[in-house]
Amino acid sequence: MIGIMGAMTEEIEPILEYMDDLKTEQIGQNRYHTGTIGKKAVAAAYSRIGKVNAAVTASVLIERFGIEKLLFSGVAGAINKRLHIGDLIYASTLVQHDVDITAFGHPLGFIPETGDFFASDQALNAIAEEVALKLKIPLGSGVIATGDQFIADEKKKRWIAEKYKADAVEMEGAAVACVCNAFNVPFFVLRAISDAADMDAEFNFDAFLKSSAAISADFVINMVEML
Ligand code: SAH
């Protein structure tokens, strides 16, 4: 079983359109959809926004649905200047930019017995690169920084860029990475840029959420066919 996750309904709806034999089950406050994409069994769900919600859904997908790999699809704010609205980036590593126990001498983002930067699965990343080449879709990769904040501020954006060398910012990826790491489940996090995490971010997010979420979902669907 392959798990596909998003944070918002806009990120998962385009995935559901590709699924056959759909069944829906409510667990806690989330709806989990099982079915097939081609010959592959899939469980898909959106978590709702933020790290805690994302951790719940990732855990349920792993423990209740027995997923063997998790693909996250969604939108993000661009930190790297080379990323523009609609561009795709997958996470090579992910970090929680809002974790700070530096008072005890730990680096920013670091949690004892957990770590700071989580590396995504290289085999899944290689499949993504293959899909991008085959379909001639530009695909970036880099550090994705996650926190329970919508970043819409140049100063904060620069701080995240400096401290974590991040290329994009969002609110769920590192939580999914942390859960998958804990359960030893390979994971892949893909984001299409919806905004530039700057003073226009709210406006651009609203304008581009749907189109960028669909770009990311389409790519993930192409990946499922190659798994
Ligand atoms: N407009 C929504 C809230 C969106 S929060 C509402 O009112 O319901 C932003 C979502 O998109 C999160 O799931 C996050 O992962 C992603 N995201 C996109 N741009 C972001 C940014 N600049 N900063 C943080 N998260 C961002």
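Points worth noting:
- The peptide list 168-181, 99-112, put in order of mean Cβ contacts within 10 Å with the highest first, becomes 168-181, 99-112.
- Angle in degrees between helix 201-226 and the longest Cα principal axis of the chain, rounded to the nearest 10: 50 degrees
- CD proxy at 222 nm, helix term only [per DSSP H run n ≥ 4: -39500 (n - 2.57); per residue of the chain; nearest 500]: -12000 deg cm²/dmol
- When only the Cβ of Lys, Arg, Asp and Glu is charged (+1, +1, -1, -1), the dipole of the chain relative to its Cα centre reaches about 300 debye.
- Potential lengthening of the chain between residue 22 and residue 225 amounts to 71.3 nm, from the contour at 0.36 nm per residue minus the alpha-carbon distance.
- Carbon plus sulfur fraction of accessible area for the stretch 2-226, probe 1.4 Å, in percent: 53 percent
- Computed from backbone phi with θ = phi - 60° and the Karplus coefficients 6.51, -1.76 and 1.60, the 3J(HN,Hα) list for the stretch 146-153 is 10, x, 7, 8, 7, 8, 9, 7 Hz; x is used for glycine and proline.
- For the chain, the residue among 204, 29, 164 whose Cα projects farthest onto the positive side of the dipole built from Cβ charges is 164.
- 17 Å cut-off, amide nitrogen to a point 7 angstrom out along residue 154 Cα→Cβ, residues in the stretch 53-91: 78-82
- Length-normalised contact order for the stretch 2-226 - Cα pairs under 8 Å, 6+ apart - percent: 29 percent
- Placing pseudo-labels 7 Å out from each Cα toward the beta carbon at residue 82 and residue 111 gives an inter-label distance of 3.1 nm.
- Residues in the stretch 183-210 that a label on residue 163 would reach, taking backbone N under 20 Å of a point 7 Å out along Cα→Cβ: 196-199
- Highest mean packing first, where packing is the average number of other Cβ atoms within 10 Å per residue, the peptides 27-36, 68-77 line up as 68-77, 27-36.
- Cut-off 11 Å between beta-carbons: net charge of the residues surrounding residue 221, Lys and Arg +1, Asp and Glu -1: -2
- Between the stretch 124-184 and the stretch 1-71, the alpha-carbon centres lie 20 Å apart.
- Note, ³J(HN,Hα) from phi for the stretch 115-124, Karplus 6.51, -1.76, 1.60, rounded to Hz, x at Gly and Pro: x, 10, 8, 9, 8, 7, 6, 5, 5, 5
The values are calculated or read from the model by the stated rules, or taken from the named source; none is laboratory data. Not measured: the values here are computed from a predicted model. Every residue, glycine as well, gets a Cβ built from its backbone with ideal geometry; the counts of neighbours run over all protein chains shown. When the accessible area is computed, the model is the full protein with side chains, heavy atoms only, and any ligands, DNA or RNA have been set aside. Shrake-Rupley method; radii C 1.70, N 1.55, O 1.52, S 1.80 Å.
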